[in-house]
Amino acid sequence: AAADPIVTRSWQLFSKFRELNGGNVLIGREQRALLQQVGFVRVQASATYECHGTKEATQRYGDRVCRFLQEERIVSQFTDMGLAQRSEMASMGRAWEEWGSEPGGFFAHAWCEAVGWKE
């Protein structure tokens, strides 16, 4: 099934939120080079995947994201930054909750890591 546009929008807002707070959601692809630039050698990169691919797992994840989007501190931060209105935050939370209960729901997210040695 196609992704719910509200769920997709919320994911875009998460990325923008992190960016506005000094983060970079794509930093994983740069980790090896960054470690090498500061003198690490034999730098190795890998990735771990967080997967939610059962009815119970997607329901838990959808509920968790829904609760996150309803936390007052998160709602305030998003609205203060001009990323979303309160009503949109509520809609995004409901959309994640609904996504979590869909029979075909699946979510996977890569976590990149790198390790190197100083000589």
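The values are calculated or read from the model by the stated rules, or taken from the named source; none is laboratory data. Computed from a predicted model, the values in this text were never measured in an experiment. With ideal geometry, Cβ positions are generated from the backbone for all residues, glycine too; neighbour counts draw on all protein chains shown. These accessible areas exclude ligands, DNA and RNA; they are computed on the full protein's heavy atoms, side chains included. Shrake-Rupley method; radii C 1.70, N 1.55, O 1.52, S 1.80 Å.
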Discussion item. I'm told G28 meets every condition in (1) modelled with pLDDT of 95 or more; (2) within 22 Å of G116 (Cβ to Cβ) except one. Can you identify the failing condition by its number?
Written reply: (1)
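Report whether or not E98 is under 30 Å from F40 (Cα atoms), surrounded by fewer than 18 Cβ atoms within 10 Å (Cβ to Cβ), of a type in the set (D, E) and touching a residue at least 12 places away in the same chain (Cβ under 8 Å).
Numbers: under 30 Å from F40 (Cα atoms): no; surrounded by fewer than 18 Cβ atoms within 10 Å (Cβ to Cβ): yes; of a type in the set (D, E): yes; touching a residue at least 12 places away in the same chain (Cβ under 8 Å): yes.
No; evaluated as a whole, the condition is false for this residue.
Tally up the residues in the range 77-100 that are under 30 Å from K55 (Cβ atoms), among the small types (G, A, S) and either in a loop (DSSP other than H, G, I, E, B) or in contact with a Gly (Cβ under 7 Å, 6 or more places away or on another chain) (or both), please.
Final tally of qualifying residues: 2.
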Practice prompt. Would you be able to say whether some residue in the range 52-61 is open to solvent by 40 Å² or more (accessible area, probe 1.4 Å), of a type outside the set (K, R), over 21 Å from A3 (Cα atoms) and free of Cβ contacts under 8 Å to residues at least 24 places away in the same chain?
Written response: no
Discussion item. Being touching a strand residue (DSSP E or B) at 6+ places or on another chain (Cβ under 8 Å) and loosely packed, with under 11 Cβ neighbours inside 10 Å is the requirement here; does Y49 meet it?
Written reply: yes
Worksheet item: If you scan the range 77-102, which residues turn out to be of a type in the set (S, T, Y) and in contact with a helix residue (DSSP H, G or I) (Cβ under 9 Å, 6 or more places away or on another chain)?
Response: T79, S91, S101
Worksheet item: Any idea how many residues of the range 65-76 are part of a helix (DSSP H, G or I) and out of contact with any helix residue (DSSP H, G or I) (no Cβ under 7 Å at 6 or more places or on another chain)?
Response: 4
